[in-house]
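> Let me give you the structure first, and then I'll get to my questions.
The values are calculated or read from the model by the stated rules, or taken from the named source; none is laboratory data. Note that the coordinates shown come from a computational prediction; the quantities given were computed from them, not determined experimentally. FYI the Cβ positions are ideal-geometry reconstructions off the backbone, even for glycines, and counts take in every protein chain you see. Ligands, DNA and RNA are stripped out before the accessible areas are found, and what is left, the full protein with its side chains, is counted by its heavy atoms. Shrake-Rupley method; radii C 1.70, N 1.55, O 1.52, S 1.80 Å.
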Amino acid sequence: MDLNLKNKIVVVSGSAGKEGSIGETIVNRLADEGAIPVLVDRNARGFEYVERLQKRGINSLFVQTDVTDPVAIENAVKVIAAKYGRIDAIINNVGVNDGAGLDSSYEDFMNSLKLNVVSYFLLAKYSLPYLKESKGNILNIGSKVALTGQGGTSGYAAAKGGVLGLTREWAVDLIQFGIRSNAIIIAESYTPAYEDWIKTLPDGETVLNKINKSIPLESRMTKTEEIADTALFIISEKSSHTTGQFVFVDGGYVHLDRALISDVN
C-alpha cells in the first residue's frame, strides 16, 4: 500500500537506539516509504544511521539532542525547520523503563518524568507551529505499563500514563487545526534492550518462554516491524479520520481473556 508519505518530514525522537530498536525500525520503514525521517536522540549512533540513509538517496537529518533539556529540544526543532521549512508529523518514541520506584529518590522520579513524558510535551510544543501549517499529526509511543502497572517503576508508569492523557488532550486541543493525535500502546516487544535485560537473568530463557506464552496471539512478542508498520499507517492520510485513539499492537496481551493462555509456567 502506498501511504503517500513520500517526502514527508517526520521527526522521530528516541530514534538512535540499537539496530532493531523500535525507533530505528520506524526510521527505516519511513525511508522505505519515501518519507524523510529526522532523528532526534542523544546517542551519536544517529550520525551513522543518517549516513546510511543518505547513501540510499534520502535527505535525512540527525540532530543530537538531550531530550530532557527544554532548550536543546527547542534548538533541535529550529535546526529541523531551517533545513526543511516544515514538519509533517512527529513520533514521540522516547521510553526507558528505568526502575524509579517508590524507594527511589525524588530526583530519580522527576528525571524519569522528564525523559519519558516531558520530552513528549516539549517536542510537540516546539513543533506545533509547523504542524499547524502542514495540518500534520502527532503519534505517541506508549506502554501497557500505563494501564496494567508492573511494579517497581513508578516514574515510568506515571510518565506513560501521562503520555496517554496528553494524547487525548492534544486531540481535543488541536482538532481546530486539523491536527490528529494518537498513541500506540506496546506490551511485550523483543527489542535489543529487552534482549539485554533477559541476558542479565540467571534463568533468562525460562523467563522469556514464560513471557511468550502469556501473549495470546501466536505466543510470541510483537515484532518491531509490526509496531513500525502500524505507526506509519496511523500518521498517513490512510488514517485521516482517526484521532484521540489508543491503538494496541500487543498480540492481545492487555485485553484478551486469560483463558486463551494454556500454560504460562
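> Can you give the convex hull volume per residue for the Cα atoms of the chain, as a whole number of Å³?
Dividing the Cα hull volume of the chain by its residues yields 132 Å³.
> Just the C-alpha atoms of segment 157-248: what Rg/Rh do they give, with Rh taken as the Kirkwood radius?
Dividing the radius of gyration by the Kirkwood radius yields 1.09.
> If the viscosity is 1.002 mPa s and the temperature 20 °C, what translational diffusion coefficient in µm²/s does Stokes-Einstein give for segment 1-151 when Rh comes from Kirkwood over Cα pairs?
It comes out at roughly 135 µm²/s.
> Return the subset of LYS78/LYS160; LYS125/LYS238; LYS160/LYS213; LYS114/LYS210 for which the Cα-Cα distance in this structure is over 30 Å, preserving the input order.
Violating the 30 Å Cα-Cα cut-off are LYS114/LYS210.
> Right, another one. Can you give me the % of accessible surface on the chain that is carbon or sulfur? Probe 1.4 Å, all protein chains present, nothing else counted.
Carbon-and-sulfur percentage of accessible area, whole number: 51.
> A further question on this structure: Keeping every protein chain present and rolling a 1.4 Å probe, give me the accessible area per residue for the chain in Å².
Here the residues of the chain average 47 Å² of exposed surface.
> Can you pull out the trypsin sites (Lys or Arg not before Pro) in segment 44-124 whose DSSP state is coil and whose Cβ has at most 11 other Cβ atoms within 10 Å?
Sparse-neighbourhood loop trypsin sites (Lys or Arg not before Pro): ARG56.
> While we're here: Helix hunt in the chain: which complete DSSP H runs extend at least 27 Å axially by C-alpha with mean Kyte-Doolittle at least -1.0?
154-174
> Here's something else I'd like to know. Whole-Å semi-axes of segment 94-217's equivalent ellipsoid, largest first, each the root of 5 times a Cα gyration tensor eigenvalue?
Each semi-axis is the square root of five times an eigenvalue, giving 31, 18, 12 Å.
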